[in-house]
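What follows is calculated from the coordinates using simple rules that are stated; it is not laboratory data. Predicted, not measured: the structure shown is a model, and the values here were computed from it. A quick note on method: Cβ atoms are made from the backbone with ideal geometry, for glycine too, and the neighbour counts reach across all protein chains shown.
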Amino acid sequence: MSSYSKLIDEKWQKIWEDTRLYKFNKNNVDKKLYCLEMFSYPSAAKLHVGHWYNYGPSDSWARFKKMQGYEVFQPMGFDAFGLPAENYAIKTGVHPQDSTLKNIENMEEQLHKMGGMVDWNYELVTCKPEYYKWTQWVFLMLYKKGLAYRKEAPVNWCPSCNTVLANEQVVEGACERCGTEVLKKNLTQWFLKITDYADELLEGLDNLDWPEKTKMMQRNWIGKSTGAEVEFNVYDSDIKFKVFTTRADTLYGVTYVVLAPENKIVDMITKDEYKEEVTKYQEAAKKQTEIERLSSVKEKTGVFTGAYAINPINSEKVPIWIGDYVLATYGTGCVMAVPAHDERDFAFATKYNLPIKRVVKGYTGENDDLPFVKNGISVNSSEFSGLSSEDAKSKIVEKLSSIDKGDFKTNYRLRDWLVSRQRYWGAPIPIIHCDKCGIVPVPEEDLPISLPYNVEFTPDGKSPLAKCDEFINTTCPKCGGPAKRDPDTLDTFVCSSWYFLRFPDNKNSKKAFDTDWINQMLPVDKYIGGAEHACMHLLYARFVTKALRDMGYLNFDEPFLSLVHQGTILGPDGNKMSKSKGNAISPDDYISQYGADVFRLYLMFGFSFIEGGAWSDDGIKAIDRFLDRIDRIVDRLQELKKASTSSKKVGTAENELNYIKNFAIKHITEDTEKFQFNTSIARMMELLNALYKYDQDIEEKNIELFEDTIATLVTILAPFAPHFSEEMWQKLGYKYSVFNVCWPKYDPSALIKDVVELGIQINGKIKAKINIPSDMENSDIEKFVLKSEKIEPLLQGKTVKKVIVIKGRLVNIVL
RNA sequence: GCGCCAGUGACGGAAUUGGCAUACGUAUACGAUUCAGGGUCGUAGUUCUGCGGGUUCGACUCCCGCCUGGCGCACCA
């Protein structure tokens, strides 16, 4: 049995706290390293494996960096506003504030038990007025900069949560949280103009040390598309409309146009005899759920409006249809249909017997059956016939531009960020609505707009705050007349879009943060958290950072220079852990049985950090054994020191041990840097095995080397098993704390072996292994190998065509 | 449907500027132990990288096609 247990954890946690070992020293800001893990939602349940898997390994990385001499800033906080607490309140009657604060207390205690290197003086909690005051300030700044605006929009409405959802929170037409089908509803909502930054958000990705996959997701999400806008006139009318297209080269092939059913001009152009049909279709489209509307397998439908449009390039008259496969929210809400060269238009035209006109042919020999959607050579396109699709695109747009009927245009899939929620548990939007003065921002000095405690928040589709008289009624700061506060609260992603700026200056009561100080402390050097935030939180945080930079509050462009996503730990059965499946692993049970370090080590050793994988109980026992073995070798050293004197000999065995020690230092340093904790720990195990071997094989030991190697092992282990390593360090009789020791450096000369073993291949197949002095020349190696007793017989009667010698690795003999 | 990533012993996983495949651990077997069980210590094996082809002296690694799994996007004009 190991002497390590959770008692050791408690002992060192107390000592660390008493000695303030993890106090962040502001004077060393020149050596700062901001290591941030995504803060967590204070849930009622205990810390789950996911929390440990995020915070444990990240903490080890941070400790590793501290030992390398960095002044590590690793804060901890809580993303404390949001729906779960409110839903819980609706169900149980416990006020969100009460449950949230209690949960935070719980989680703080549990996080302490993990043994993280956290300076808790920098803690922040987003639902406390001293934090959300500044969330409101950020909103006001965005408003003043013209980046926050209100508009009526068809929004995603979850009838179960009774709230508006952002596009990102709708998954396959259903509410991300509760799975209920999402409906459309028209409401006046607050938006943040993230689209103003679309291009910079896209281009900035190139220089970030982020997982390629995540960058790709953001690129897709932003969805930059370059093309042209083309203006069509409605026949017999003054009405004009624009379409967006990426295939201006197919303009001669337009045989009809389609408007989204929601498009405003539909009612203006529809001929009387088609009104009934069109209205019916619009109603039906409105009733459709997102699922039906967006399903790509669904057959395309539409109705004719009776109106015609004039193609600006050839003055052809084409019918105007409406169809729900055209999205009101993308481009201009209208498309020009080229059935010959677009699959959707082709399907639609076939169904409704609309003409199909080829204007592109394939290159010689290419199959160009319709619909032919690739680039080719323009045909039937007047003076543009014969041009390549690429050339025709630009030439046609240039012509349109010259007659003022179109121009090059870039579109984005990214939409503005909808931030208002008809919910209680969030930061109130600091805006006042006055009948006389309209929208009036709350003056900065009046912040925070406090969230009242006694509010009826049962959902009925209205903002709970609207029903709270003492909150909603106020006076207009401009005219002094009676006015109402904005009844909505901010999306919690607003809270988390700037929290990393607040951490280093969390106690500042005068400003959200001090610009000079934050410019020194940021950007975050290493950001660690789940991949599920790739398109929301990470994009919003980048946007807010850029906006604040443009207002002069920051001098850097990107908040997170380097990003790592941890994988997911699955249940022992390989499925996602869940209570209902009964495959959840409770960290607490393991902590009390084995101690925090065993649990943390197992999480680092048993998986590739970014991959994750299925839990296994056997793995944790292996780690327990590993620590036990270290404990025993430390005891063994004490014994040896008492019993015998050290030999000064440095022979083969000593060189070998020294080699493995330096090999371990080198690789652990490199691997830990890259979050490859599993291989780092494997190298420690090898080093430990070498120590056991040395102890067993060698009678007269070089105890100094033996001790030095053990000390190195404990030092290297410290970031991974902090409590245990402190205990061992103390047992070895060294001065507190092991975390004040410098991370060891390896001696390159110790890694050069006198003799190396080369693999000998004949025609690429390994036939033998031969020891060769490492300084032997290639030509000598060749001679030596060919004459060696293992190889020579194999070459009898054969001609050696070629010998390839790869120094230090292998020799390949080609026959 | 499109895009990206992955597929390695019984298992978790290592090794990709092409160079001794399976480090480390688990499980298994055998041996040792003042060895009941358990623990501890030591030793051992796992014809070979999803499938088929190609390039090469040499391919887990590069190229082409396919299969399987995961993730993302999904009428974006």
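Quick one: of A:K102/A:K579; A:K193/A:K674; A:K374/A:K399; A:K357/A:K409, which pairs are farther than 32 Å apart, Cα to Cα? Where the Cα-Cα span goes over 32 Å, the pairs concerned are A:K193/A:K674. The label-point distance for A:D435 and A:E203, in a model that sets each label 7 Å from Cα toward Cβ, rounds to 4.9 nm. Applying the criteria of a DSSP loop state and at most 13 other Cβ atoms within 10 Å to the GluC sites (Glu not before Pro) of segment A:304-372 yields A:E366.
Exposure proxy shown here: for A:C437, A:C476, the number of other Cβ atoms within 10 Å sets the order, fewest to most, as A:C437, A:C476. Taking amide H atoms as placed 1.01 Å from N in the peptide plane, the amide H of A:A307 lies under 5 Å from those of A:K271, A:I320, each 5 or more residues away in sequence or on another chain. By the helix-only formula, in which each DSSP H run with n ≥ 4 contributes -39500 (n - 2.57) and the sum is divided by residues, chain A has a 222 nm mean residue ellipticity of -11500 deg cm²/dmol. Relative to the longest principal axis of the Cα atoms of chain A, the long axis of helix A:6-18 lies at roughly 80 degrees. Residues A:R625, A:R502, arranged from fewest to most other Cβ atoms within 10 angstrom of their Cβ, appear as A:R625, A:R502. Scalar couplings 3J(HN,Hα) for segment A:740-746, obtained by applying the Karplus form with A = 6.51, B = -1.76, C = 1.60 to θ = phi - 60°, are 8, 7, 6, 4, x, 10, 8 Hz; x denotes Gly and Pro.
Estimate the FRET efficiency between A:N763 and A:K374 by the formula 1/(1 + (r/R0)^6), using the beta-carbon distance for r and 56 Å for R0, to the nearest 0.05. Between A:N763 and A:K374 the formula returns 0.75. Annotation note: GluC sites (Glu not before Pro) in segment A:777-815 located in DSSP loop regions with a Cβ neighbour count of at most 12 within 10 Å are A:E777, A:E789. Rounded to the nearest whole Hz, the Karplus-based 3J(HN,Hα) values (6.51 cos²θ - 1.76 cosθ + 1.60, θ = phi - 60°) of segment A:300-312 follow the sequence 6, 10, x, 9, 7, 8, x, 9, 10, 10, 9, 5, x, with x at glycine and proline. Between A:C178 and A:S3, the FRET efficiency estimated from the beta carbon spacing at R0 = 51 angstrom works out to 0.55.
Averaging the Cα positions of each part gives two centres, and for segment A:126-193 and segment A:1-26 these lie 43 Å apart.
For segment A:393-401, take each phi angle, set θ = phi - 60°, evaluate the Karplus expression 6.51 cos²θ - 1.76 cosθ + 1.60, and give the result in whole Hz per residue in order, putting x for glycine and proline. Result, ordered by residue: 3, 6, 5, 5, 5, 4, 4, 4, 4 Hz.
Amide H to amide H distances under 5 Å link A:E37 with A:I528, where only residues 5 or more positions off or on other chains count and H is placed in the peptide plane. The mean sequence distance of close C-alpha pairs (under 8 Å, at least 6 residues apart), as a share of the length of chain A, puts its relative contact order at 14 percent.
Seen against the Cα atoms of chain A and their longest principal axis, helix A:617-643 is set at about 30 degrees.
The alpha carbon centroids of segment A:399-468 and segment A:317-392 are separated by 40 Å. When the GluC sites (Glu not before Pro) in segment A:445-491 are filtered for DSSP coil states and for at most 16 other beta-carbon atoms within 10 Å of their beta-carbon, the remaining sites are A:E456. Available extension along the chain between A:K144 and A:E123 is 4.6 nm, counting 0.36 nm per residue and deducting the alpha carbon span. Footprinting exposure proxy ranking of A:D597, A:D460, fewest other C-beta atoms within 10 angstrom first, gives A:D460, A:D597. The spacing between segment A:639-702 and segment A:717-743, judged by their C-alpha centroids, is 17 Å. To check you understand DSSP bridge types, tell me what percent of the beta bridges within chain A (both residues inside) are antiparallel, rounded to 5. For chain A, the DSSP antiparallel bridge percentage is about 75. Summarising the amide proton neighbourhood of A:F556: residues at separation of 5 or more, or on other chains, whose placed amide H is nearer than 5 Å comprise an empty set. Helix A:83-92 and the longest principal axis of the Cα set of chain A meet at an angle near 90°.
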